[in-house]
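Asker: I am attaching a structure below and will ask some questions about it afterwards.
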Amino acid sequence: MHTSAGWPDGQFFGLKVQKNVFCKLTDWVPWRRSDGEPLMNMATWMDRRGIPRHKELKADKEFERRFPEMYNSIQPQHIACGLGWQLRQDENLRRMMDAGELMFGTVDTWIVYKLTRGKVFASNASNAGTTRLIDNRTLNWNVEAIKYLGINPDMFPEVKNEADDYGMLDKDILGVETPITGVVADQQSALFAQACLTPWTVKSTNGTGSFVTFNLGDRSVEGKGPYASIVGWKLPNQVRFMAEGFLPTAGSALEWLKNEAHLIDEFGELHGIIHSVPDSGGVFFSPALNGFRAPLNDATAKAGFLGISGGVKKAHLVRSVVEAIAFANAHVIEDIGKWFHVEKPETVKISGGVAQEELLGQLIANVVGTKVEKPVSLEASAIGAAEFAGIYTGIYTLEDIPRLLTVEKVYEPDANAQKDAETYEKWKKVIERTTKWEF
């Protein structure tokens, strides 16, 4: 949650959330209509319980015929799979849904519902769009698809603009009644904050996972292959769509290095370790700690170090993990470019905690062969939420957004570009060996 602190005078409230999540207990949706009590444990985009339902839908020819774009892009973590699985496991939940006793939404919906003491039941186009259950023509719920999936559409919220009236933050919460005027999904918020406002501009957010996002422009661009055209944002004078690919484990791979593999003691020593060796010594890391999404799209894939020889040191292993995060970024950029028939981007704008490591930006620049920009503030998602809130209140306009972005560093291809590009091509072949992990 992000208030206007540090921004121009005026009190308003902006909210950004991780998109495409469903939940229960002390977190969120679905919840009982009568008292707002959540009824499920939260499931994030890393949740794998929807895999059985995903397999069913991918084998469903009628689903493929009627909803081809949804069919091509659907993943196990999407609500159609996760909620579909949960409704089969929990008979009481299905009974309540059939009886009209449930309210449902992504986490933003539940938070707004609670902050307004139940007065506002609404989501926004960016969060609704990432569920794959929205109709891009109407920018509202695809009722036909929702019913086909066996879900009751009556429990879904109103879909608003990202900069809109979401009611008032109840006075009892923070001691003052404050307008909620901006609600947005995290990656769409980052795309906006990094001033990727025109078609084919690209950003990469590297936090727990790496999210590479292309601005597709208006609704005339359809999704291609595994990359759906999903809503970036909806404003009265502008609608933008985007295509997104991601690696589920980026920062979480570094956490695994520290907490489970114990190859580093503190994140602060990461830079020194990876720069103590000139390369990864022939070691490649497959970053599939939670499977692969597009381009490989294999939920069974497993992580692993490959190419270890007797001369390999700890530093080589650690460096190979950071290299893999950068290579995964390049892999998505390359694949989206092929599907949408676009040249490599002029600039890739990076953010997120992992972007603090200089090697990430430099490798992306070397492998993609383009300029990479890192902003002063790596919290682009938070900034975007504040900007949407400010747009609704009249403090900002769309024309103001580029000037609010301050670039700290620009990476350009250097003398190692050819070597890094060759290593990347080898890495793509190596990670194929960690897929199809079912015996």
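Just so you know, all these numbers are worked out from the coordinates, no wet-lab data involved. Since the model is a prediction, treat every value here as computed from it, not as a measurement. Cβ: placed from backbone, ideal geometry, glycine included. Neighbour counts: every protein chain shown.
Asker: Give the dimensionless ratio obtained when the Cα radius of gyration of the stretch 328-409 is divided by 2.2 N^0.38 Å.
Answerer: In units of the globular-protein estimate, the stretch 328-409 measures up at 1.26.
Asker: Then there's this: Greater than 21 Å separation of Cα atoms is the criterion. Which listed pairs, Lys114/Lys147; Lys258/Lys374; Lys58/Lys224; Lys314/Lys409; Lys374/Lys428, meet it?
Answerer: Lys114/Lys147; Lys258/Lys374; Lys314/Lys409; Lys374/Lys428
Asker: Okay, moving on. Fully extended, how many nm does the chain gain between Val410 and Leu174 (0.36 nm per residue separation, minus their Cα-Cα distance)?
Answerer: Gain on extension, Val410 to Leu174, equals 80.9 nm.
Asker: Add +1 for every Lys or Arg and -1 for every Asp or Glu among the other residues with Cβ under 10 Å from the Cβ of Gly291, and state the total.
Answerer: The answer is +2.
Asker: Give me a comma-separated list of calculated 3J(HN,Hα) values for the stretch 75-88, in order, Karplus coefficients 6.51, -1.76, 1.60 applied at θ = phi - 60°, integers in Hz, x for any Gly or Pro.
Answerer: Once rounded to whole Hz, the list reads 10, x, 7, 5, 4, 4, 8, x, 5, x, 5, 5, 5, 6.
Asker: When the chain is modelled as a GNM with alpha-carbon springs shorter than 10 Å, which of Asp335, Asp186, Asp400 fluctuates the most?
Answerer: Highest fluctuation of the listed residues: Asp400.
Asker: Would you mind counting up the charge near Ala415? Only other residues with Cβ under 15 Å from its Cβ, with Lys and Arg at +1 and Asp and Glu at -1.
Answerer: Computed value for this residue: -4.
Asker: If you take the Cα Rg of the stretch 179-314 and divide it by 2.2 N^0.38 Å, with N the number of residues, what do you get?
Answerer: 1.32
Asker: Which parts of the stretch 204-234 would a label at Glu346 reach, counting a residue when its backbone N lies under 20 Å from a point 7 Å out along Cα-to-Cβ?
Answerer: 204, 213-218
Asker: Can you sort Asp135, Asp420, Asp35 from fewest to most other Cβ atoms within 10 Å of each residue's own Cβ?
Answerer: Asp35, Asp135, Asp420
Asker: Would you mind giving the three semi-axes, in whole Å and largest first, of the ellipsoid equivalent to the stretch 227-293 according to its Cα gyration tensor?
Answerer: The three semi-axes for the stretch 227-293 are 35, 15, 13 Å.
Asker: Any chance you could run the full-extension gain for Arg117 through Lys436? It's 0.36 nm times the residue separation minus the Cα-Cα distance, nm to one decimal.
Answerer: Additional length available on full extension: 110.1 nm.
Asker: Rounded to two decimals, what ratio of Rg to Rh does the stretch 116-223 give with C-alpha atoms and a Kirkwood Rh?
Answerer: Taking Rh as the inverse mean 1/r over Cα pairs, Rg/Rh reads 1.02.
Asker: If the only charges are +1 at each Lys and Arg Cβ and -1 at each Asp and Glu Cβ, what is the size of the charge dipole of the stretch 274-412 around the Cα centre, to the nearest 20 debye?
Answerer: Roughly 480 debye, rounded to the nearest 20.
Asker: Here's a follow-up. Let me know the shape class of the stretch 182-247, please: from the alpha-carbon gyration tensor, a ≥ b ≥ c as square roots of the eigenvalues, rounded when a/c is under 1.5, otherwise prolate if a/b is greater than b/c, or oblate.
Answerer: Oblate.
Asker: Give me the net charge of Ala253's neighbourhood, meaning all other residues with Cβ under 14 Å from the Cβ of Ala253; Lys, Arg count +1, Asp, Glu -1.
Answerer: -1
Asker: Further, regarding this structure: Label Tyr71 and Glu260 with points 7 Å out from Cα along Cα→Cβ: what is the distance between them in nm?
Answerer: Here the modelled spin labels are 3.5 nm apart.
Asker: Of (i) 62, 48, 44; (ii) 88, 41, 40; (iii) 64, 56, 43, which is the value of Cα extents along the principal axes in Å derived from the coordinates here?
Answerer: So the calculated entry is the one marked (iii).
Asker: Of Ile308, Ile383, Ile336, which is the most mobile in a GNM of the chain whose springs link Cα atoms less than 10 angstrom apart?
Answerer: Judging by the Gaussian network model, the answer is Ile308.
Asker: Follow-up question, since we're still on this one. Quick one: order Glu269, Glu91 by neighbouring beta-carbon count within 10 Å, fewest to most.
Answerer: Going from least to most buried by this count: Glu91, Glu269.
Asker: If you don't mind, another one. Mind giving me the nanometre distance, one decimal, between the label points for Lys338 and Glu56, set 7 Å out from Cα along Cα→Cβ?
Answerer: 3.3
Asker: Sorted from fewest to most neighbouring beta carbons within 10 Å, what does the list Glu346, Glu266 look like?
Answerer: Going from least to most buried by this count: Glu266, Glu346.
Asker: Let me ask something else about it. Charges on Cβ only, +1 for Lys and Arg, -1 for Asp and Glu, centred on the Cα centroid of the chain; of Ser229, Gly268, Thr213, which one is farthest towards the dipole's positive end?
Answerer: Among Ser229, Gly268, Thr213, the one farthest towards the positive end of the dipole of the chain is Ser229.
Asker: Whole angstrom only: what separates the Cα centroid of the stretch 194-210 from the Cα centroid of the stretch 391-439?
Answerer: Rounded to whole Å, the Cα centres lie 8 Å apart.
Asker: With charges set only on the Cβ (+1 for Lys and Arg, -1 for Asp and Glu), what does the dipole of the chain come to about its Cα centre, in debye to the nearest 20?
Answerer: 1060
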